Amino acid sequence: MLDQFDLGHDFFEKLALVDEGIARAVAANNCPACGGRLHRGDYERKPRGGLIAPKGETSVTRFSLCCGREGCRKRALPPSVRFLGRRVYLGVVVIVASIVAQALTELGELGELRSKTGVPARTVRRWLGWWSGPFVTTEVFVTVCARLVGVAAAELPSSIVERLEGSPMEKVSAMLDLLAPLTTRSVPDGSRYVRDAA
């Protein structure tokens, strides 16, 4: 199953370019709090890729913006297709490892999860709980259900990825685009920036 995903340097370079475009679009609209000019305040992250995405583990910059107006100085963290919020693992790893866990559960081989993905089973169980719990209460999930017919909440994230078009890599990229608005709380209407950059 994992051999369907070619998560090499090219894949992560494309994601970085999308994130860069999103950051520029957010900066062009100024501070959401006061309207002041936004300046770059990027920072380094050291994400984990496990066995799924080792090429994505290199030191990666998380694009961030900071208001330049004295008295405000609030941060505006643009949506991201590389990171899924504050999780240590890359967004693509959260998606793919969750799908692999679902497949292994059906086969009764969940104990093989760590050897196949490099992610501890306990961590993936927590992610599966997020998919079936807090995620289904988000506006993003409602939007996805409106766009894709037949998404089953009990089978997330597989039921979304299966309904997207293209190769396995294109489906995962599209899923990352759909989830990007969840990666920030400081930029309202984050999906608008993702649509423009994609």
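Laboratory data are not the source of any read-out in this text; all were calculated from the coordinates shown. Please read these numbers as outputs of a predicted model, since none were measured by experiment. All Cβ positions, glycine included, derive from the backbone under ideal geometry; neighbour counts span all protein chains shown.
Details
- Applying 0.36 nm per residue to the separation of ALA33 and LEU17 and subtracting their alpha-carbon distance, the gain on full extension is 3.1 nm.
- Cross-link partners for LYS171 among the aspartates and glutamates, with Cα-Cα distance under 19 Å and sequence neighbours closer than 8 places in the same chain left out: ASP3, ASP6, ASP10, GLU13, ASP19, GLU155, GLU162, ASP196.
- Eligible aspartates and glutamates near LYS46 by straight Cα distance, threshold 15 Å, same-chain separation 8 or greater: GLU57
- Label-to-label distance, nm, for residues given as ARG185 and ARG126 (7 Å Cα→Cβ offset): 1.8 nm
- As a proxy for reagent exposure, ranking LYS55, LYS116 by other Cβ atoms within 10 Å from fewest up yields LYS55, LYS116.
- The chain, helix-only ellipticity at 222 nm - DSSP H runs n ≥ 4, -39,500 (n - 2.57), divided by all residues, nearest 500: -13500 deg cm²/dmol
- Working note: Karplus 6.51/-1.76/1.60 with θ = phi - 60° gives region 138-145 the couplings 8, 5, 4, 4, 4, 5, 4, 5 Hz, where Gly and Pro are set to x.
- Remark on PHE83: its backbone amide H falls under 5 Å from those of GLY91, a criterion applied only to residues 5 or more positions apart or on other chains, H modelled at 1.01 Å from N.
- Centre-to-centre, using Cα atoms only, region 126-198 and region 55-88 are separated by 20 Å.
- Annotation: amide H-H contacts under 5 Å for ARG48 (H modelled 1.01 Å from N, sequence separation of 5 or more, or interchain): TYR89, LEU90.
- Net dipole in debye of the chain [+1 Lys, Arg Cβ; -1 Asp, Glu Cβ; about Cα centre; nearest 20]: 1000 debye
- Over region 2-197: Kirkwood hydrodynamic radius from C-alpha pairwise inverse distances, Å: 17.4 Å
- Label zone at ARG195 (point 7 Å along Cα-to-Cβ), backbone N below 17 Å, region 61-93: 79-80
- Residue-wise HN-Hα couplings along region 177-194, as the Karplus relation 6.51 cos²θ - 1.76 cosθ + 1.60 with θ = phi - 60° gives them from phi, are 4, 5, 7, 3, x, 6, 7, 8, 10, 8, 10, x, 6, x, 5, 4, 5, 5 Hz; Gly and Pro carry x.
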